[in-house]
Amino acid sequence: MYVAVKGGERAIDNAHAWLAEERRGDTAVPELSVAQIREQMALAVNRVMAEGSLYDPELAALAIKQARGDLIEAIFLIRAYRTTLPRFGASAPVETARMACLRRISATFKDAPGGQVLGPTFDYTHRLLDFKLAADGEVPAAPETPAAPAEVPHITGFLNRDGLIQEEPAGDDTPPDLTREPLELPAGRALRLQSLTRGDEGFVLGMAYSTQRGYARNHAFVGELRIGTVAVEMEIPELGFAIEIGEIELTECETVNQFTGSKTEPPQFTRGYGLVFGQTERKAISMALVDRALRWKELGEEDSGAPAQDEEFVLYHADNIQATGFLEHIKLPHYVDFQSELELVRRIRAEAEAATSREAAE
Amino acid sequence: MSEIETRKGWMSLLARAPADRLEQLWQGAGLAPAFAWLRAPEVGGVMVRGRMGGTGQPFNLGEMTVTRCALRLEGGAVGHGYVQGRDKAHAERAALCDALMQTDAATDLREAVLAPLAAEMAESRAARARKAAATKVDFFTMVRGED
């Protein structure tokens with residue numbers, strides 16, 4: 001129960017003023033610019049764009065600065081801003097097969113056409129703190145070698161030719177949008193993927209990890225992981241044709257999963273899919289694993305009762321803004337609620353004490 | 001290339017162009033045509049879609065910011081600007097270029113603005129491709145077995 005109370009305005013104003021001062025920190029240290037965050041904290045910016053569900057690096061960097069580096073708070077700011085934007089329309093589905101890849105690896109085929117391109121990865125680093133970064137240091141230019149302009153085909157396309165992997169038939173249905181209609185269950189795969197791609201990285205990672213540890217086990221290979229830029233094309237009604245309205249960076253993960261067949265499907269490989277804004281490979285792999293686990297019904301698999309198979313559990317708890325909103329509201333004044341609880345406990349105690357003393361007297 | 005394809009080409013280039021570089025080239029071209037707004041610049045969102053498994057049914061991935069506007073030159077040519085991000089001046093430049101590309105100024109504009117933009121954007125893309133190529137793995141097999 002909420003009861004309006006007045007007061008606290010001066011305390012709130014002063015708290016906000018102090019927050020601004022604390023955000024700035026020691027003024028003897030130079031202030032961080034939004035451009036510095038965008039360029040040098042790029043993976044944090046990517047996460048805020050992915051979970052904020054709005055691709056705009058400049059805004060995400062600003063949100064990180066305003067939130068003092070609290071990424072969930074920054075995501076909250078982006079989500080709030082997003083709701084103020086008029087919707088111009090929807091893009092044509094992006095063509096990830098035509099991605100300009102800066103990273104592209106496959107754990108299933110060593111000699112994949114297009115090759116194994118590592119890109120700017122943390123993999124193979126020793127995870128030792130680099131104290132050179134604590135001092136000002138010039139970074140040597142990254143080596144370059146001539147690149148043949150060639151399209152890099154999807155690995156799953158090769159398996160498809162032999163019919164060894166479940167098909168992903170193209171279509172042009174208008175997908176449901178959970179930013180427009182509330183999420184209702186059972187959710188189709190389109191809605192699940194939208195929910196997962198903006199879901200909390202930690203939560204989706206935990207769910208994915210649970211499938212690897214045996215809860216809804218479906219042993220996954222990373223068929224392909226690619227990071228790069230794709231053009232975004234949209235039909236412009238006043239022109240009557242489509243133009244590219246921009247270019248975004250994406251991470252795509254396709255998993256290939258063992259599948260022994262079911263009542264409806266032959267033994268073949270099945271697929272999980274992850275597609276996330278920015279360079280966000282941990283999230284994209286996690287998304288693919290959870291997507292695959294949630295597909296048990298359409299593939300005719302057993303429900304093993306695992307959390308990652310429970311669409312209600314996963315989808316209703318993946319959103320960190322919903323979660324943090326409900327969680328953090330309990331710190332706000334509940335004086336009246338608590339007053340009634342207090343009275344209840346006092347009355348029960350009084351009754352219990354009265355009963356005890358009656359028994360003692362008898 | 002058809003007229004529409006050509007127009008698509010320059011509009012797409014202007015949408016993706018770095019706003020400050022477009023501004024520099026535009027200033028360098030010394031063009032200041034008079035125009036009237038048909039739609040003043042406005043910032044909005046576009047829902048970006050992906051396909052399940054890269055090839056399947058569409059799903060909503062998330063939005064991106066886009067700024068659009070439309071204007072008419074005194075000569076009557078109508079230009080549309082749809083650009084990535086929230087920069088209204090960028091959208092205005094893009095719409096002006098789109099309109100001028102439909103006039104006699106097209107050849108000069110292409111030379112002064114569009115061609116250098118296209119070349120620079122292609123070079124920065126190529127530079128990233130060369131860095132990626134340098135991280136391509138060359139596998140070799142160690143000699144196995146015993147003599």
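The values are calculated or read from the model by the stated rules, or taken from the named source; none is laboratory data. Just so it is clear, the model here is predicted, and its values are computed rather than measured. Please note: Cβ atoms are built from the backbone with ideal geometry, for glycine as well, and neighbour counts cover all protein chains shown. Side chains are part of the model used for accessible areas, which takes the heavy atoms of the whole protein and leaves out ligands, DNA and RNA. Shrake-Rupley method; radii C 1.70, N 1.55, O 1.52, S 1.80 Å.
How large is the Kirkwood hydrodynamic radius of region B:3-122, counting all unique pairs of alpha carbons, in Å?
Taking the inverse mean of 1/r over all distinct Cα pairs, region B:3-122 comes out at 15.0 Å.
Determine the sum of side-chain charges near A:Gly199: Lys and Arg each +1, Asp and Glu each -1, restricted to other residues whose C-beta is under 9 angstrom from that of A:Gly199.
-2
Lysines near A:Lys297 by alpha-carbon distance under 23 Å, same-chain residues fewer than 8 away left out - which ones?
Result set, ordered by chain and number: A:Lys263.
Along its three principal axes, how long is the protein assembly as shown when you only count alpha carbons? Whole Å, largest extent first please.
110, 79, 53
From the residues A:Pro175, A:Pro307, A:Met234, which one has its Cα farthest along the dipole of chain A in the positive direction, the dipole being from +1 and -1 charges on Cβ of Lys/Arg and Asp/Glu about the Cα centre?
A:Pro307
If eta is 0.890 mPa s and T is 25 °C, what Stokes-Einstein diffusion coefficient results for region A:172-211, Kirkwood Rh from Cα pairs, in µm²/s?
Stokes-Einstein gives a translational diffusion coefficient of 218 µm²/s.
Given the -39500 (n - 2.57) contribution per DSSP H run of 4+ residues, what per-residue ellipticity at 222 nm results for chain A, rounded to the nearest 500 deg cm²/dmol?
Only helices count here, giving -12000 deg cm²/dmol.
Suppose a student asked you for the relative contact order of region B:29-120, using Cα pairs under 8 Å spaced at least 6 residues apart; what percent would you report?
With pairs under 8 Å counted, the relative contact order is 23 percent.
Restricting to Cα atoms and excluding each atom paired with itself, what does the Kirkwood estimate give for region A:9-82 in Å?
In region A:9-82 this quantity evaluates to 12.8 Å.
Quick one: Cα centre-to-centre distance for region B:1-78 and region A:169-198, in angstrom?
Measuring centre to centre over Cα atoms gives 28 Å.
Mind listing the Cα extents of region A:70-211 along all three principal axes, in Å, largest one first?
Result for region A:70-211: principal-axis Cα extents of 50, 48, 37 Å.
Can you give the charge dipole size of region A:1-114 about its Cα centre, rounded to the nearest 20 debye, using +1 on the beta carbon of Lys and Arg and -1 on the beta carbon of Asp and Glu?
That gives a dipole near 400 debye.
With the contact rule set at Cα under 8 Å and sequence spacing of 6 or more, what percent relative contact order holds for chain A?
About 17 percent, as a whole number.
Determine the relative contact order of region A:9-82: mean sequence separation of Cα pairs under 8 Å and six or more apart, normalised by residue count, in whole percent.
Contact order relative to length: 27 percent.
Which aspartates and glutamates have a Cα lying under 18 Å from the Cα of A:Lys6, excluding residues fewer than 8 positions away in the same chain?
Straight-line reach from A:Lys6, under 18 Å: A:Asp337.
Given the C-alpha centroids of region A:94-168 and region A:35-85, what is the distance between them in whole angstrom?
25 Å
Using a probe radius of 1.4 Å on protein heavy atoms only, what is the accessible area buried between chains B and A, both sides summed, to the nearest 100 Å²?
Its buried surface, counting both partners, is about 5700 Å².
Filter the chymotrypsin sites (Phe, Trp or Tyr not before Pro) in region B:32-97 to those in DSSP coil with at most 15 other Cβ atoms within 10 Å of their Cβ, and list the result.
none
Any idea which of A:Leu128, B:Ala105, B:Gly81 is furthest toward the positive side of the dipole for the protein assembly as shown, if Lys and Arg beta-carbons carry +1 and Asp and Glu beta-carbons -1?
With unit charges placed on the Cβ atoms, the residue in question is A:Leu128.
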